[in-house]
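A short worksheet on the structure shown next.
The values are calculated or read from the model by the stated rules, or taken from the named source; none is laboratory data. None of these values were measured; they are calculated from a predicted model. Methodologically, a virtual Cβ is constructed for each residue, glycine included, from the backbone with ideal geometry; neighbour enumeration extends over all protein chains shown.
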Amino acid sequence: MPALPLDEAGIYVAAAYVVFLVLVVAYVSIMARHVARVRRDLARLTDSEEPR
Amino acid sequence: MTRINNHLGAAAAAALGIAYGLVFFYAPIEADQGFVQKIFYLHVPLGIVTLCGFMAGGVMAMKFLRTGDRRWDMRSYVAIHLSLILAVGVLVTGSIWARASWGHWWVWSEPMLVSFLIVFLLYCCYQPLRFSIEDPDRQARVACTFAVVAAAFVPFNFAAVRMANAVTHPRVLGATGGQMPGSMRLTFLVCLGAMALLYLALWRLEFERKSVAFAVRALRRSRERAPERLPQPAIPISRPPAVAMER
């Protein structure tokens, strides 16, 4: 099969790399949200311990 | 969370930057496929790292079954969870490449594509199986047994496909892969290393996040059960307690 012209091939290449980037960014942002939730829980636990 | 994680994340980002710099500014444009072949430097390392992640998950599960140490179960869970997410990337990038090269989003007669889809669907069963069991010990045992069996299937499946006659999908690594020019080979190896580093960084991030979340949850439960008692000593993060894992 002959190679695609650069303008058409560029769209496919960009799409593949963007999909990967979106996947990694989504994963890291979900992890960051979970970390923030764990930190909140930990702070709540520490606060509840202080009056004792 | 820890300094090692920050360093690993920075190293992975730098390695990926270098790798994709090489892809677009150093590696030559392939004569047959043209510019579309640049997807190769993303798709193939992603596929290799994903399959290795599934197998690593199996090895860690085996360690749990041998030692009974819950940390190995959690490590195995994180490896499989991360590999499953990356496998989505492999399928999507492969599909885009297939559309650009062959004119089809998917070719059902191609053993390499179908075998990867089978592996992906097999591992899609891991989480529903795991979270359908409430008892923490039984959950870990069943999930690890599944992980070991599924991991054994991955290389077997890969070898069977390599022995089959390819229809359209190229066999990059192996006898014909030796014909890759030096600049392409170097770029590919750098991309593979960068992808492995990214996997390691993400794996550590999720593992530590889960470990801390487990420790916090166990602490909260111990408080709820015995509110009148004095505060319990902090549960070591490195040894997660026997509580059922949540998503």
Restrict the check to the range A:3-13 and report whether at least one residue is touching a Lys or Arg at 6+ places or on another chain (Cβ under 9 Å), within 7 Å of chain B (Cβ to nearest Cβ), surrounded by 12 or more Cβ atoms within 10 Å (Cβ to Cβ) and modelled with pLDDT of 90 or more. yes
Quick one: B:Arg3 ticks every box in (1) touching a helix residue (DSSP H, G or I) at 6+ places or on another chain (Cβ under 9 Å); (2) farther than 12 Å from B:Cys144 by Cβ except a single one, so which number is it? (1)
Going by the structure shown, is B:Val114 within 14 Å of another protein chain (Cβ to nearest Cβ) and within 19 Å of B:Leu46 (Cβ to Cβ)? no
Which count do you get for residues in the range B:61-80 that are surrounded by fewer than 19 Cβ atoms within 10 Å (Cβ to Cβ) and either within 11 Å of chain A (Cβ to nearest Cβ) or among the basic types (Lys, Arg) (or both)? 3
Residue check for B:Leu22: in contact with a Cys (Cβ under 8 Å, 6 or more places away or on another chain), over 12 Å from A:Tyr17 (Cβ atoms) and more than 12 Å from chain A (Cβ to nearest Cβ): yes
Look through B:Ala27, B:Ala12 and report the one residue that is more than 9 Å from every other protein chain (Cβ to nearest Cβ) and over 21 Å from the mean Cα position of the chain (by Cα). B:Ala27
Go through B:Val114, B:Val107 for me and flag whichever is assigned to a loop (DSSP other than H, G, I, E, B) and surrounded by 13 or more Cβ atoms within 10 Å (Cβ to Cβ). B:Val107
Mind checking whether some residue in the range B:37-60 is touching an Asp or Glu at 6+ places or on another chain (Cβ under 9 Å) and modelled with pLDDT under 90? yes
Working carefully through the options B:Ile4, B:Ile96, B:Ile39, B:Ile85, find the one that is more than 9 Å from chain A (Cβ to nearest Cβ), assigned to a helix (DSSP H, G or I) and among the β-branched types (Val, Ile, Thr). B:Ile4
Mind checking which residues of the range A:7-44 are among the aliphatic types (A, V, I, L, M) and either in contact (Cβ under 8 Å) with a residue 24 or more places away in the chain or more than 27 Å from B:Leu202 (Cβ to Cβ) (or both)? A:Ala9, A:Ile11
Please specify each residue of the range B:58-82 satisfying the condition of being acidic (Asp, Glu) and assigned to a helix (DSSP H, G or I). B:Asp73
Out of B:Ala160, B:Ala194, which single residue is at pLDDT 75 or above, under 14 Å from B:Ala11 (Cβ atoms) and of a type outside the set (Ser, Thr, Tyr)? B:Ala194
